[in-house]
Amino acid sequence: MDFDDLLLYTYKLFAENPESAERYRNQFRFILVDEYQDTNAVQHAIVTQLAAEHHRVCVVGDDAQSIYSFRGANIGNILGFQKTYPESQLFKLEQNYRSTQTIVNAANSLIDKNKEQIPKTIFSRNSVGEKIPVVSAYSDFEEGYIVASRIAEMRMLQKYDYKDFVILYRTNAQSRIFEEALRKINIPYRIYGGLSFYQRKEIKDIIAYMRLIINPNDEEAFKRIVNYPARGIGNTTIEKIISAATLHNVSLWEILKNPLNYNLNVNSGTAKKLETFRNLMQSFMDLLSEHNAYEIGDRIVRETGLVRELYDDKTPEGLSRIQNVEELLKSLHEFVDSRLEEGETDIGLNVFLSEIALQTDQDTDKDENANRVTMMTIHAAKGLEFKNVFVVGLEENLFPSERCKYNPKEIEEERRLFYVALTRAEENAVLTYAKNRFRNGQMQIGSPSRFLNDIHTEFLKLPADPAMLRRSKPAYTPQYSPIKRETNTVPQQSIGNLHIGDHIRHGRFGRGKIMGLTGEGDNAKATVAFEMVGEKTLLLKFAQFQVE
């Protein structure tokens, strides 16, 4: 029996055998249940069965922290407790001993918007504390760098340890950008209750396809994907391939290419399956010379059947895996775009794999007690506390999730989830959102989460433009005819509608000032001093920015 069975059959035992129910009712004469807001229907029913006669039951919980409906938790159990037991007494424990008065008041003003709740007014006798900054980033890429830079600044100016910081996000897939931003400025981190992005199974599966395409002799990659997704190539067949490769001192791929030459002993049906896999991989290998890393990665995801298998899993875990795959495609797209913008022509899969190999080499330290920034989903953060909390990705269709925006009950749970995130903070909370986020293969304009409007402005430090980026000036488009000849690099005052001294907003690098312009046609370049990442030279043919 699994946990659900233990509950269900306990309920059935009591319901169908009154003598058993009576026995345990007499044995458990007083009942105490903690975290009652997280109980499901069967747990509530068992408590009701055991307390049916004596009503000596005490439950403890916080309805404002009911965030596990996807696991079956029913907030109605705690909200309706007084109806089930009319003689019960309600004791409100309203003092918060963790957070500043400002954080507590902000959280109160947020959760006050929920209709389904037990009314209470939480208070704190701690210091008033700072107002909560709401930080607007131009893009999700910039959001990562803003958070990483703020952590570095706060640590230096206020003498915090890295372990005093946590980054909380709605979905696991969001971790990648923050991982990369923290690495860039050498801030150590750990993923609490999970794996770093490139260590997740679905990501390692796709990376294994990429590795085998680049290096057909990669035996680890071969064994990982030859039968994933399942294509009827079992362990016995794989062992035969390994044995033949060992006998003839060649790679597994070589056996696959020429099974007859190496006397591979498999039946015709299995031979056909091996041929299908070989042809699939060869079709990817044939793309290497003409296609960039993103194009090949996109083909791998679509043509191997990986996504189809993930979409068949309707659980929250399945959804998380799909989001991780989409985030990997996003990282491939960023890789290609950034190198093209900076005039790099090598945008192949091998260069991408080299870059992420350097990143995954840093994921090996498993010391849980090390002094490092913590990153986790908000669901995993319940019950924990940190001096400084960054709640990121506060945008419509991300937080609250797109899946619940038309369901008032689910919106209320998303608001409770934000409440949980905010109340993890002891001294400082920072709320961030991005105006543009890469989704479904393209940059999409977003809007700030409705939950930011739920917090009383008295407790917030709002950005200069808290709504959307003013788009009074169009995105830059080159005003010239492409010339396909080599040009010199004589400095110029302007190219098209760009001028030295113009301020721009770039999708990844943030705000910057044009310091120099050179070249013409396809070779026109702008040297830009960015506030976040320093000076970059952008090839205007591929550059993606807006003039402010």
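Structure notes:
- Looking only at segment 31-60, residues that are surrounded by 17 or more Cβ atoms within 10 Å (Cβ to Cβ) and at positive phi come to 1 in all.
- Residue in segment 151-171 that is closer than 30 Å to Gly80 by Cα and touching a Gly at 6+ places or on another chain (Cβ under 6 Å) present: yes
- Taken over segment 154-170, the criterion of being assigned to a loop (DSSP other than H, G, I, E, B) and out of contact with any strand residue (DSSP E or B) (no Cβ under 7 Å at 6 or more places or on another chain) is satisfied by Lys159, Asp161.
- On the stretch given as segment 493-529, residues that are buried (at least 20 other Cβ atoms within 10 Å of the Cβ) and in a strand (DSSP E or B) total 12.
- Screening Thr102, Thr84 for residues that are over 19 Å from Leu7 (Cα atoms), out of contact with any His (no Cβ under 7 Å at 6 or more places or on another chain) and touching a residue at least 60 places away in the same chain (Cβ under 8 Å) leaves exactly one candidate, Thr102.
- Options Tyr160, Tyr145, Tyr189: the member that is crowded, with 22+ Cβ neighbours inside 10 Å and closer than 28 Å to Ala464 by Cβ: Tyr145
- Flag if Gln89 is open to solvent by 30 Å² or more (accessible area, probe 1.4 Å), within 17 Å of Glu414 (Cβ to Cβ) and of a type outside the set (Asp, Glu): no
- Condition met for Ala421 (among the small types (Gly, Ala, Ser), modelled with pLDDT of 95 or more and more than 20 Å from the chain's Cα centre (by Cα)): no
- Pair list, Cβ < 7 Å and 6+ apart or interchain, from segment 500-517 residues that are within 14 Å of Glu342 (Cα to Cα) and touching a residue at least 40 places away in the same chain (Cβ under 8 Å) to residues that are β-branched (Val, Ile, Thr) and open to solvent by 40 Å² or more (accessible area, probe 1.4 Å): Phe509/Val533
- Leading residue by the ranking (nearest to the chain's Cα centre (by Cα)) among those in segment 147-173 that are among the aliphatic types (A, V, I, L, M) and over 14 Å from Val389 (Cα atoms): Ala173
- Segment 259-298, subset outside any loop (DSSP other than H, G, I, E, B) and polar (S, T, N, Q), residue surrounded by the fewest Cβ atoms within 10 Å (Cβ to Cβ): Ser268
- Residues of segment 316-332 classified as at pLDDT 85 or above, in contact with a helix residue (DSSP H, G or I) (Cβ under 6 Å, 6 or more places away or on another chain) and either open to solvent by 40 Å² or more (accessible area, probe 1.4 Å) or not in a helix (DSSP H, G or I) (or both), total: 2
- Within the option set Ala73, Ala51, being at pLDDT below 95 and touching a strand residue (DSSP E or B) at 6+ places or on another chain (Cβ under 6 Å) holds for one residue only, Ala51.
- Every residue from segment 92-102 that is touching an Asp or Glu at 6+ places or on another chain (Cβ under 8 Å) and surrounded by 18 or more Cβ atoms within 10 Å (Cβ to Cβ): Ser99, Thr100, Thr102
- Total residues in segment 204-225, condition more than 18 Å from Arg308 (Cβ to Cβ) and either touching a residue at least 40 places away in the same chain (Cβ under 8 Å) or in a helix (DSSP H, G or I) (or both): 14
- Residue match in segment 232-240 (condition: assigned to a loop (DSSP other than H, G, I, E, B) and surrounded by fewer than 17 Cβ atoms within 10 Å (Cβ to Cβ)): yes
The values are calculated or read from the model by the stated rules, or taken from the named source; none is laboratory data. In this text, all values refer to a predicted model and were calculated from it rather than measured experimentally. Positions of Cβ are generated from backbone atoms using ideal geometry, with glycine treated the same way; all protein chains shown enter the neighbour counts. When the accessible area is computed, the model is the full protein with side chains, heavy atoms only, and any ligands, DNA or RNA have been set aside. Shrake-Rupley method; radii C 1.70, N 1.55, O 1.52, S 1.80 Å.
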